[in-house]
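Enquirer: Below is one structure. I have some questions about it.
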Amino acid sequence: MLTRLARLAPGPVVRWFARPYVAGGSMDAGLDVAHDRLERFGALATMDLLGEGVTEQFQVVQNVATYERLIDRIGSESRFAEAKTRPSVSVKPSAFTCGERESAFEHIELLARRAHERGVAITIDMEDRPWTDLTLDWAVGLYKQGLDVGTVLQTRLNRTEQDLERIPPGMRLRLVIGIYPEPESVAVLDKRVMKDRMVEYASVLLDRDCRVEFGTHDEPALERFLREVAPKAPDRCEIQMLLGVPRRPFARKLMAGEFGVVVPFRLYVPFAMSWDDATAYLRRRMRESPSMMWLVLRNLGRAKRA
Ligand SMILES: Cc1cc2nc3c(=O)[nH]c(=O)nc-3n(C[C@H](O)[C@H](O)[C@H](O)COP(=O)(O)OP(=O)(O)OC[C@H]3O[C@@H](n4cnc5c(N)ncnc54)[C@H](O)[C@@H]3O)c2cc1C
């Protein structure tokens, strides 16, 4: 039923659903939201262009050009002059190829070098299973060349425990449960196990001198991370959430240190270059992941969100 709704819902309805979660239909709108959340709540941002899963070469060219401009703007605008609070950028490899996966790398490498020159950190997001090895190889390789490149591991995957060993000391690693449904042959299906693994793997990474970005909205899991793990090395920890999802009262407590240590808090800020692009993207995501719509529906009308 939800899949049909995602296909048939008129654009304005999709847009209405999406408004809290998408910063807008232009780069200006995206950067304004990032700056607003920094000013109002002290929240950092990582900027994401909605544009993965491309099918035409001209979309690859557009995505590269948009990220180049985004990096240049973040690196040069006076409102982002302070390095510690400057937004980072997040890229999804499938935004940079409509053919072989490997061909995305030339663009990602180019963007990572440009970001490095302009003092902007970059994170290579993790997509579904066929991307895992490539993404890890690219991110670790670029980090070892001295670039501020981080990546993501998904705790639902059973392989992740071994993959932790591939992350070198000092590198940024975002831990998430993973958004892509994966089969039982390679993944756990129980969310509680995924969350327990997040806490456990965060501890392993800190012991290996890595930097941990804990990406979840699960309040008990966040509290466990802050009380049990982050005190080991708070200067190497960060909490990350998606724009529009965190409850403001909880985010305030988090930033006031009510759960032990205070660590930086970063919002993942998706934007599109037009509302038509955003609507097409969101329709696709709602079709692929109807559970997202349930989450959105459940959140409507609850406490204000950051
Ligand atoms: C900063 C960040 C970056 C991410 N990057 C990646 C990535 O690179 N690769 C990847 O596979 N996954 C990524 N994810 C997604 C992640 O894997 C999870 O799918 C997502 O965070 C939901 O899981 P949860 O841990 O918040 O727990 P859940 O148990 O799913 O959610 C906890 C509560 O948060 C709320 N909630 C969670 N998600 C949403 C939502 N989308 N809309 C509305 N409410 C919601 C609900 O109220 C829910 O009850 C990222 C997540 C974050 C926060």
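The values are calculated or read from the model by the stated rules, or taken from the named source; none is laboratory data. Predicted model, so just to flag it, every value in this text is computed and none were measured. Here the Cβ positions follow ideal geometry from the backbone for every residue, glycine too, while neighbour counts run over all protein chains shown.
Enquirer: Which of the residues spanning segment 75-99 are more than 15 Å from the ligand (Cβ to nearest atom) and either among the hydroxyl-bearing types (S, T, Y) or outside any helix (DSSP H, G or I) (or both)?
Expert: S76, E77, S78, A81, E82, T85, R86, T97, C98, G99
Enquirer: Testing Q57 on (1) more than 16 Å from the ligand (Cβ to nearest atom); (2) closer than 17 Å to G150 by Cβ, one condition comes back false. Which one is that?
Expert: (2)
Enquirer: Working only within segment 214-251, note down all residues that are in contact (Cβ under 8 Å) with a residue 12 or more places away in the chain, more than 12 Å from the ligand (Cβ to nearest atom) and not hydrophobic (A, V, I, L, M, F, W, C).
Expert: E223, R224, R227, E228, P231, K232, P234, R236, R248, P249
Enquirer: Return yes or no: is M273 within 20 Å of the chain's Cα centre (by Cα), outside any helix (DSSP H, G or I) and at pLDDT below 95?
Expert: When the stated conditions are applied, M273 passes them.
Enquirer: Which residue, of L175, L136, is surrounded by 17 or more Cβ atoms within 10 Å (Cβ to Cβ) and outside any helix (DSSP H, G or I)?
Expert: L175
Enquirer: Quick one: is H116 buried (at least 20 other Cβ atoms within 10 Å of the Cβ) and more than 17 Å from the chain's Cα centre (by Cα)?
Expert: Answer is no for this residue.
Enquirer: Among I122, I108, which is crowded, with 23+ Cβ neighbours inside 10 Å, in contact with a Pro (Cβ under 9 Å, 6 or more places away or on another chain) and of a type outside the set (G, A, S)?
Expert: Values: I122 fails: in contact with a Pro (Cβ under 9 Å, 6 or more places away or on another chain).
Answer to the selection: I108.
Enquirer: To continue, here is another question. Would you mind telling me which numbered condition in (1) assigned to a loop (DSSP other than H, G, I, E, B); (2) hydrophobic (A, V, I, L, M, F, W, C); (3) crowded, with 23+ Cβ neighbours inside 10 Å M47 fails?
Expert: (1)
Enquirer: Scan A230, A221, A202, A251 and give me the residue that is part of a helix (DSSP H, G or I), among the small types (G, A, S) and modelled with pLDDT under 95.
Expert: Every option except A251 fails the conditions.
Yes/no per residue for (1) within 19 Å of R174 (Cβ to Cβ); (2) in contact with an Asp or Glu (Cβ under 7 Å, 6 or more places away or on another chain); (3) at pLDDT below 95:
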| position | (1), (2), (3) |
| --- | --- |
| P20 | no, no, yes |
| M27 | no, no, no |
| R37 | yes, no, no |
| T46 | yes, no, no |
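Enquirer: Assess whether E102 counts as being surrounded by fewer than 16 Cβ atoms within 10 Å (Cβ to Cβ), more than 16 Å from the chain's Cα centre (by Cα) and assigned to a helix (DSSP H, G or I).
Expert: Answer is yes for this residue.
Enquirer: To continue, here is another question. Does L189 satisfy the condition of being under 27 Å from V89 (Cβ atoms) and either within 15 Å of the ligand (Cβ to nearest atom) or part of a helix (DSSP H, G or I) (or both)?
Expert: No: the conditions fail for L189.
Enquirer: I would also like to ask the following. Filter segment 7-24 for residues that are surrounded by 17 or more Cβ atoms within 10 Å (Cβ to Cβ), more than 18 Å from the chain's Cα centre (by Cα) and either not basic (K, R) or not in a helix (DSSP H, G or I) (or both) and give the result.
Expert: If the condition is that a residue be surrounded by 17 or more Cβ atoms within 10 Å (Cβ to Cβ), more than 18 Å from the chain's Cα centre (by Cα) and either not basic (K, R) or not in a helix (DSSP H, G or I) (or both), then A9, V14, F17 are the ones that fit.
Enquirer: Let me ask something else. Quick one: T55 ticks every box in (1) part of a helix (DSSP H, G or I); (2) loosely packed, with under 15 Cβ neighbours inside 10 Å; (3) in contact (Cβ under 8 Å) with a residue 12 or more places away in the chain bar one, so which box is it?
Expert: (1)
Enquirer: Ok, one more. Given the conditions (1) more than 10 Å from the ligand (Cβ to nearest atom); (2) buried (at least 16 other Cβ atoms within 10 Å of the Cβ); (3) in a loop (DSSP other than H, G, I, E, B); (4) at pLDDT below 95, report the number of the one that G260 does not fulfil.
Expert: Every condition holds for G260 apart from (2).
Enquirer: Scan segment 62-69 and tell me whether some residue there is small (G, A, S), farther than 21 Å from L267 by Cβ and surrounded by 14 or more Cβ atoms within 10 Å (Cβ to Cβ).
Expert: Within segment 62-69, none of the residues are small (G, A, S), farther than 21 Å from L267 by Cβ and surrounded by 14 or more Cβ atoms within 10 Å (Cβ to Cβ).
Enquirer: Moving to a separate point now. Residues of segment 105-116 being in contact (Cβ under 8 Å) with a residue 12 or more places away in the chain and within 17 Å of I71 (Cβ to Cβ), which ones?
Expert: Listed by number, the residues that qualify are H107, I108, E109, L110, L111, A112, R113, R114, A115, H116.
Enquirer: Related question: Which pairs have Cβ atoms under 6 Å, sit 6 or more apart or on different chains, and link a residue in segment 135-153 that is within 20 Å of G215 (Cβ to Cβ) to one that is of a type in the set (F, W, Y) and assigned to a helix (DSSP H, G or I)?
Expert: Once the first residue is within 20 Å of G215 (Cβ to Cβ) and sits in segment 135-153, its partners that are of a type in the set (F, W, Y) and assigned to a helix (DSSP H, G or I) give W138/F105; V149/Y143.
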